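The next block holds one structure in the form of structure tokens; read it before the comments.
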Amino acid sequence: MKKLAITLTALTLALALAACGSTAGSSSSTASSSAASSSASSSASSESSSATAVDTSDLTSLMDALFSGIAEDQMPMLMPQEDGSKYAPLTEENSEYNTGVALSAYKEGICAEAAMSAQAHSICLLKANSAEEAAKLAEDVAANANPNKWICVSAERTIVAYSGDTVLLAMSFNDLAQTVLDNFTAQFGAENVTVVKDETGADMAMPEGGDVTSDPVAAMPEDASGAL
């Protein structure tokens, strides 16, 4: 009887030790797996947050980079161009409507405008005549660009920034405008970007020259990149 009790005790201890070893091994494996997963996730996050550098002198390439990371369902459909290009060139006819300044104030520019006028979305890139003139150009755009130029809707947020000879005007939804600014900053470097204006709809004042939205259809040029 005594031998049986000793044998049963020994078996119980052996089973307990085996269970502990299995649990420890499982925990160790789980911890290692979690650490590896966390490391991979961190690496992926780091890669996704690092912007791919583009030739910032090419406005089309830069505009493409500004929309990086924006989900397709969050991006308004853009007005198609007759020549097949992605973005509308700024012209003497549509420059003031889109940017608030005349084409003569800068060298060249393009604009990504929503195809539907019911969506307040417009991203413009302008090349100043020189880096020295970019600050003045950005200030003029900030003072005169109209976030209420659409029919019945206004941009949630307006941002004007510049770096070197390049000026950014973003009038769009709050989060989308922020992503565009973040991507612009990533391309030029935070130390090289100056934000002249960053306002949400509630903070926006009427652009210089009065209420230009009393007749938005009349204010819209024939070749504006937006659609009615």
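The values are calculated or read from the model by the stated rules, or taken from the named source; none is laboratory data. These figures come from a predicted structure and were not determined experimentally. Reconstructed Cβ throughout: ideal geometry from the backbone, glycine too, with neighbour counts over all protein chains shown. For the accessible areas, the whole protein counts, side chains as well, though only heavy atoms, and no ligand, DNA or RNA atoms are used. Shrake-Rupley method; radii C 1.70, N 1.55, O 1.52, S 1.80 Å.
Points to keep in mind about this one:
- Compared with the direct C-alpha span, the chain from Ala131 to Ala53 gains 26.1 nm at full extension, assuming 0.36 nm per residue.
- Accessible surface, 1.4 Å probe, highest first, among residues Asp140, Asp83: Asp83, Asp140
- Taking label points 7 Å from Cα along the Cα-to-Cβ direction, Ser154 and Glu191 give a separation of 3.9 nm.
- For the pair Gln178 and Ala143 in one chain, pulling the backbone fully straight at 0.36 nm per residue adds 10.6 nm over the alpha carbon distance.
- Spin-label model distance (nm) - Met75 vs Ala118, 7 Å beyond Cα toward Cβ: 2.2
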